[in-house]
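Take this structure first; my questions come after.
Readers should treat all values here as calculations from the given coordinates under stated rules, not as data from a laboratory. Being a predicted model, the structure only gives us computed values, none of them experimental. Cβ placement follows ideal geometry from the backbone for every residue including glycine, while neighbour counts extend to all protein chains displayed.
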Amino acid sequence: METSPQGIELHDGPILLRAWREDDAGAVYLACQDPEMQRWLPELPRPYTEDDARAFVSEAFGHGGYKFAVCEHGTVVGSIGVWLANHETGHIGYWCVPEARGRGITTRALRRACRYALDELHLERLELHTDSDNMPSQRVAAKVGFQREGVKRSYLRHPDGQRRDSVLFSLLPGELR
Ligand SMILES: CC(C)(COP(=O)(O)OP(=O)(O)OC[C@H]1O[C@@H](n2cnc3c(N)ncnc32)[C@H](O)[C@@H]1OP(=O)(O)O)[C@@H](O)C(=O)NCCC(=O)NCCS
């Protein structure tokens, strides 16, 4: 692993996690048109514009957020980020492009990002939230060793005002699978 934040490259088999680049904006724009993304990620701007994608890929790496493009054979297939919080904890979020789903890519990416967060960022607790009906995301979390802590009632607010429950998962050092 290199020391410069922009140069960090994390590998897991054919999967590479690297910092976002300006020329990834088109792939992010296309991915964020997917109705499943809009269904499960209430924080996504609607409509999601090319300017939104350019802003997403140009946000600074580190300094509170470690956002990685997930690549397979040089193509962007997803996103995973670790956001730092108080008390040496971190929050994780992810998505995968529709065409690449169901092949274990996000499971690999999450496992690698968690190893980085625990071993290199020295975080002592990682959290992630999913909509209570988002079974693929909950399955990804469980496969990597996250423990289901419980339901946060009415935790999510969608742009149309709809409120949804969220499931809280956490991972502690020694639990990564
Ligand atoms: C959630 C998401 C990131 C998963 O990415 P992925 O690369 O397809 O995930 P993986 O292939 O590593 O694993 C998916 C798992 O979910 C399972 N799964 C898929 N649909 C399912 C369903 N309806 N019910 C239960 N499990 C399901 C798959 O079988 C697989 O588990 P398995 O390996 O035990 O068979 C992807 O579906 C996505 O981007 N969704 C839209 C955005 C999103 O929901 N982001 C997460 C917000 S918390």
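Please identify the pairs in which a residue from segment 41-54 that is among the aliphatic types (A, V, I, L, M) has its Cβ atom under 6 Å from the Cβ atom of a residue that is not in a loop (DSSP other than H, G, I, E, B), counting only partners at least 6 apart or on another chain.
Sorted first by the residue in segment 41-54, then by its partner, the pairs are LEU44/GLN38; ALA53/ALA25; ALA53/VAL28; ALA53/TYR29.
Another one. Test ASP51 against the stated conditions and say whether it is outside any loop (DSSP other than H, G, I, E, B) and out of contact with any strand residue (DSSP E or B) (no Cβ under 9 Å at 6 or more places or on another chain).
yes
Could I ask something else about it? Identify, please: which residue in segment 91-109 is out of contact with any Cys (no Cβ under 9 Å at 6 or more places or on another chain) and more than 8 Å from the ligand (Cβ to nearest atom) and is, among those, farthest from LEU10 (Cα to Cα)?
Residue satisfying both the conditions and the ranking: GLU99.
The conditions are (1) within 26 Å of ARG46 (Cβ to Cβ); (2) within 14 Å of the ligand (Cβ to nearest atom), and LYS143 fails exactly one of them. Which is it?
(1)
Okay, residues lined up against (1) in contact (Cβ under 8 Å) with a residue 24 or more places away in the chain; (2) more than 23 Å from PHE68 (Cβ to Cβ); (3) surrounded by fewer than 18 Cβ atoms within 10 Å (Cβ to Cβ):
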| site | (1), (2), (3) |
| --- | --- |
| ALA117 | yes, no, no |
| HIS122 | yes, no, yes |
| LEU126 | yes, no, no |
| HIS129 | yes, no, no |
| ASN134 | yes, no, no |
| ALA141 | yes, no, no |
| VAL151 | no, yes, yes |
| SER154 | no, yes, yes |
| ASP160 | no, yes, yes |
